[in-house]
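Asker: Structure provided below as structure tokens; questions to follow.
The values are calculated or read from the model by the stated rules, or taken from the named source; none is laboratory data. Fair warning: this is a prediction, and the values are worked out from it, not measured in the lab. Here the Cβ is made from the backbone with ideal geometry for all residues, glycine too, and neighbour counts use every protein chain on show.
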Amino acid sequence: MREFPEWFRIPLGSWVDSVADWLTTEGAAVFQAISDVLFVLLLRIERALLWLPWPVLILLVAILAWRIVGIRLAGGVVVGLLFIGALGLWPEAMATLALVVSATLLATALGLPVGILMSGSDTARTMIRPLLDLMQTMPSFVYLIPALMLFGLGRVPALMATLVYAIPPVIRLTNLGIRQVSTSVVEAARSFGSTTMQILFWVQIPLAMPTIMAGINQTIMMALAMVVIASMIGAGGLGDEVLRAIGRLEVGRGFTGGISIVIMAIIIDRITAGLGERSQHDST
């Protein structure tokens, strides 16, 4: 017998389709409200980035890199961003940056409380870990289907798909960082009369900040990795350049879009990694 019998098969796909149809029908107003809020957030961030003259924005990022890491990175930032502008991809780069910033802000706002919950409850950790495993191992293309079904075609579903794909690291590393805080430090704070919330915000989170920053760094990198895939449902930006190049077999266009994404990834990675190292130095 080459196949399983019909009576043994589980119609999981049909069950998922039924749930998705119910959500689309019954939750249309809710998803539309969420879409409106996220679209405003994304649009305002992009307009702010495009409103600033490009020399001013490059100077601000270079100063940030200099203050956090050093003069060499600041010089690399200037060269890298000027190179992206010289390729004629500055608006697309800002659209991509707006998507990454929006996804990172949402992932941090949602992921930190979940990570804190996991760190304080073994039951919560046991329940949430399989979900995080599923989110990290599921093929990224799969996230496009529910996002497209619930929010339609455009930048909001691209943002939602990016958020789901990128949020696990900040949750995992927040939980890990807080759990790694020395119990003797926690007991010392408790012996001085500190409450649970005071211990969390004044002791555990500051000491766990290097690990939390590493989680945020990984979230940003995963959001950038989703840029090209999210362009398939309307994300726009540099990912759209790569997608169009694939469709038309334009090697040069694909290379310029891809190298621009790489430059942005390196700049963001170095700056956020520098923030993590600084927080580690401050906590020691």
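Asker: Write out, first by first residue and then by second, each pair whose Cβ atoms fall under 9 Å of each other, whose residues are 6+ apart or on separate chains, and whose first residue, in the stretch 205-234, is closer than 11 Å to residue 162 by Cβ while the second is surrounded by fewer than 19 Cβ atoms within 10 Å (Cβ to Cβ) and among the aromatic types (Phe, Trp, Tyr).
Answerer: Cβ pairs passing all conditions: 229/141.
Asker: Identify all residues within the stretch 157-206 that are touching a Phe, Trp or Tyr at 6+ places or on another chain (Cβ under 8 Å) and at pLDDT below 85; write none if there are none.
Answerer: 189, 194
Asker: Could you say which residue among 172, 179, 155 is under 26 Å from residue 254 (Cβ atoms) and basic (Lys, Arg)?
Answerer: Values: 172 fails: under 26 Å from residue 254 (Cβ atoms); 179 fails: under 26 Å from residue 254 (Cβ atoms).
After ruling out the rest, the residue left standing is 155.
Asker: Please count how many residues of the stretch 115-144 are of a type in the set (Ser, Thr, Tyr), surrounded by 15 or more Cβ atoms within 10 Å (Cβ to Cβ) and either touching a strand residue (DSSP E or B) at 6+ places or on another chain (Cβ under 8 Å) or within 18 Å of residue 196 (Cα to Cα) (or both). I'd like the intermediate steps shown before the answer.
Answerer: Start the filter on the stretch 115-144 by keeping residues that are of a type in the set (Ser, Thr, Tyr), which leaves 119, 121, 123, 126, 137, 140, 143.
Next, only the ones that are surrounded by 15 or more Cβ atoms within 10 Å (Cβ to Cβ) stay: 119, 140, 143.
After this cut, where a residue has to be either touching a strand residue (DSSP E or B) at 6+ places or on another chain (Cβ under 8 Å) or within 18 Å of residue 196 (Cα to Cα) (or both) as well, the list is 119.
So the answer is 1.
Asker: Let me ask another. Among the helices (runs of 4 or more DSSP H) contained in the stretch 178-262, which hold 1 or more residues that are over 17 Å from the mean Cα position of the chain (by Cα)? Before the answer, list the steps.
Answerer: Details: elements: 183-191, 196-199, 205-225, 227-230, 237-248.
The helices (runs of 4 or more DSSP H) meeting that bar are 183-191, 196-199, 205-225, 237-248.
Asker: Can you tell me which residues in the stretch 227-274 are of a type in the set (S, T, N, Q) and over 25 Å from residue 216 (Cα atoms)? So that I can check it myself, show each step before the final result.
Answerer: Keep residues of the stretch 227-274 that are of a type in the set (S, T, N, Q), which gives 231, 256, 260, 272.
Residue satisfying the conditions is 256 alone.
Asker: Related question: Hey, can you tell me all the residues within the stretch 145-176 that are outside any helix (DSSP H, G or I) and over 15 Å from residue 100 (Cβ atoms)? Give the steps one after another, and end with the answer.
Answerer: First, pick out the residues of the stretch 145-176 that are outside any helix (DSSP H, G or I): 152-154, 167.
Those that are outside any helix (DSSP H, G or I) and over 15 Å from residue 100 (Cβ atoms): 152, 153, 154.
Asker: Considering only residues that are more than 13 Å from the chain's Cα centre (by Cα), buried (at least 19 other Cβ atoms within 10 Å of the Cβ) and not β-branched (Val, Ile, Thr), which ones fall in the stretch 145-171?
Answerer: Quick first cut of the stretch 145-171, residues more than 13 Å from the chain's Cα centre (by Cα) only: 145-157.
Filter once more, so that each one left must be buried (at least 19 other Cβ atoms within 10 Å of the Cβ): 147, 150-151, 155-157.
If the condition is that a residue be more than 13 Å from the chain's Cα centre (by Cα), buried (at least 19 other Cβ atoms within 10 Å of the Cβ) and not β-branched (Val, Ile, Thr), then 147, 150, 151, 155, 157 are the ones that fit.
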